[in-house]
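Take a look at the structure below.
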Amino acid sequence: MFIKIKGKGLIKIDTKKVAYLKADNDYVVMHLIDEDDIRVRMTLKEVEDLIEEDYFYRVHRSFLVNLNYVSHIKSNIILLKDAEIPISRAKRKDLIEALTSF
């Protein structure tokens with residue numbers, strides 16, 4: 001996936017290294033494994049539409065998670081290696097189904 005970043009032009013993002021994405025007003029912060037986070041001026045929906053891989057799941061209006069990095073679910077929270085991400089009540093059941101068929 002290629003993303004335009006101000007001052008850097010188009011850069012290639014290896015989506016396999018993206019643990020999760022977090023909406024931050026008019027920006028999205030991409031939290032990468034073993035690399036610095038990347039902040040882009042896009043909506044989460046715009047980034048979600050660019051990602052073609054089926055291992056990303058929208059768990060909350062502000063979070064998109066790479067299912068490969070989910071260690072476990074505790075109540076309404078997904079635990080990743082270095083993060084706790086909220087799960088919306090409306091998404092929890094579908095998320096569990098997605099994880100069991102993943």
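The values are calculated or read from the model by the stated rules, or taken from the named source; none is laboratory data. Values in this document were obtained by computation on a predicted structure and should not be read as measured data. Glycine gets a Cβ as well: all are built from the backbone with ideal geometry, and neighbour counts include every protein chain shown.
In the stretch 17-39, the count of residues that are outside any strand (DSSP E or B), at positive phi and either of a type outside the set (A, V, I, L, M, F, W, C) or without any contact (Cβ under 8 Å) to a residue 40 or more places away in the chain (or both) is one or more. Inside the stretch 55-82, residues that are of a type outside the set (Phe, Trp, Tyr), surrounded by 12 or more Cβ atoms within 10 Å (Cβ to Cβ) and touching a helix residue (DSSP H, G or I) at 6+ places or on another chain (Cβ under 9 Å) make up a count of 15. Selection within the stretch 1-38: residues that are surrounded by 10 or more Cβ atoms within 10 Å (Cβ to Cβ) and more than 16 Å from the chain's Cα centre (by Cα). The member of this set that is modelled with the highest pLDDT is 11. Scanning the stretch 65-85 for residues that are in contact with a Lys or Arg (Cβ under 9 Å, 6 or more places away or on another chain) and in a strand (DSSP E or B) yields 65, 66, 73, 84, 85.
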